[in-house]
Each structure stands twice: as structure tokens, then as C-alpha cells.
1. Run down 28, 55 and say which single residue is polar (S, T, N, Q), farther than 30 Å from residue 112 by Cβ and modelled with pLDDT of 85 or more.
2. Could you tell me how many of the residues in the stretch 32-68 are β-branched (Val, Ile, Thr), surrounded by 10 or more Cβ atoms within 10 Å (Cβ to Cβ) and over 28 Å from residue 122 (Cα atoms)?
3. Name the residue, out of 102, 83, that is out of contact with any Pro (no Cβ under 8 Å at 6 or more places or on another chain), in contact (Cβ under 8 Å) with a residue 24 or more places away in the chain and not in a loop (DSSP other than H, G, I, E, B).
4. Looking for whichever is modelled with pLDDT of 85 or more, surrounded by fewer than 10 Cβ atoms within 10 Å (Cβ to Cβ) and out of contact with any Asp or Glu (no Cβ under 9 Å at 6 or more places or on another chain) here; the options are 71, 14. Which one fits?
5. Within the stretch 127-141, how many residues turn out to be among the aliphatic types (A, V, I, L, M) and either modelled with pLDDT of 85 or more or closer than 9 Å to residue 50 by Cα (or both)?
6. How many residues does the stretch 103-116 contain that are modelled with pLDDT of 80 or more and in contact with a Lys or Arg (Cβ under 9 Å, 6 or more places away or on another chain)?
7. Would you mention how many residues in the stretch 60-119 are of a type in the set (A, V, I, L, M), farther than 15 Å from residue 151 by Cα and under 22 Å from the mean Cα position of the chain (by Cα)?
8. Considering only residues that are outside any strand (DSSP E or B), touching a residue at least 60 places away in the same chain (Cβ under 8 Å) and β-branched (Val, Ile, Thr), look in the stretch 125-152 and name the one that is farthest from residue 78 (Cα to Cα).
Amino acid sequence: MKIEVKNKRGISPVIASVLMILMVVVLSGMVFLWARGFISEQVEKFGKPIDEQCSAIRFNAVKVGNKLEIVNRGNIDIRHFDVKLIKGGNSEFHKFEFEVDVGGPGVIESFTQKMKDGSTPDKIILYPALIGNVVGETSNKVFTCLDVGVEL
């Protein structure tokens, strides 16, 4: 037994091609946006990745009472510090605006760091931060060297 179908109709090959191209463009855009989150922007200092420059940082920090003295013994200027305060199982990061040029000492006469709840931390760690150039742009970005911290 044969079944005859009358009025067979489908979409034209031109419209099918346009729809397929549109679908590929939309899917590739979605994949690009998804993958862009895994790629970080590259920051350089002196033409090298900035995280490699962290090994050249050498500094000493001594806290006596409320006075803090920092000496930069490396060959890279330190633009500011990130301070990690630790009390018990809690820790907090604070940005500490203080520059120390190469070979230069810096003295802060009143260095008091408190936790957000007002208590005194058990441990204070200073992490130096560098400023590097974002590759392909004319902007700068701060990079904190978490491997080169000094405990006070």
C-alpha cells in the first residue's frame, strides 16, 4: 500500500543555510563569553610577567610599639602593601597606602591595625604590591605578591 502525501513543503536551502550560519555565530559567541572568564589579563613589569618580578622583592619590616619601619632592599619600587590581620581562625585583608622606593627606608610613626570588630590581631603579615602594565592596553594594574610576605 502506497501513501501519497500532497503538498510537500519544506524550507528553502537558502533559508536553511542562513539559519545554520546564525546558529553557529550565536553558539561561538556564547563559548567565547564563557571561556573569557578563564583567561586573565596579562600584566607585565619590565617586559616580564609581573608574578616573576615578585622574586626580586626584598624588604624588611620591623614594628616597635606603634612605629613601623620598612626598608626596601630589592631593586623594585613597592607601591603599597596589603596587610593580612589574623586573629584565631579569622583573617582580614586591608590595603595600606605606603610607598617604599628602591633602597629607601620608610617609617610610619603610628601604625595601628585593628580587626573590623575593633580587636587587636594575633598576627600581622605585610604583602608588597607592585604596579604593572596591562598587555595590549595603556592602563596599569596592581599585583600583590603573596609569596613574599613579612610577618610582624
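The values are calculated or read from the model by the stated rules, or taken from the named source; none is laboratory data. Values in this document were obtained by computation on a predicted structure and should not be read as measured data. We place every Cβ from the backbone using ideal geometry, glycine too, and count neighbours over all the protein chains shown.
1. Values: 55 fails: modelled with pLDDT of 85 or more.
Going through 28, 55 in turn, just one is polar (S, T, N, Q), farther than 30 Å from residue 112 by Cβ and modelled with pLDDT of 85 or more: 28.
2. Residues in the stretch 32-68 being β-branched (Val, Ile, Thr), surrounded by 10 or more Cβ atoms within 10 Å (Cβ to Cβ) and over 28 Å from residue 122 (Cα atoms): 2 in total.
3. Values: 102 fails: not in a loop (DSSP other than H, G, I, E, B).
Criteria check complete, one pass: 83.
4. On the way: 71 fails: surrounded by fewer than 10 Cβ atoms within 10 Å (Cβ to Cβ).
Answer to the selection: 14.
5. Taking the stretch 127-141 and keeping what is among the aliphatic types (A, V, I, L, M), we get 129-131, 134-135.
Okay, now just the ones that are also either modelled with pLDDT of 85 or more or closer than 9 Å to residue 50 by Cα (or both), so 129-131.
Number of matching residues: 3.
6. Number of matching residues: 1.
7. Residues of the stretch 60-119 that are of a type in the set (A, V, I, L, M), as a first pass: 61-62, 64, 68, 70-71, 76, 78, 83, 85-86, 100, 102, 107-108, 115.
Now restrict to residues that are farther than 15 Å from residue 151 by Cα: 76, 78, 100, 102, 107-108, 115.
From what is left, the residues that are under 22 Å from the mean Cα position of the chain (by Cα) are 76, 78, 100.
Adding up the residues that qualify gives 3.
8. Checked the stretch 125-152; the qualifying residue farthest from residue 78 (Cα to Cα) is 135.
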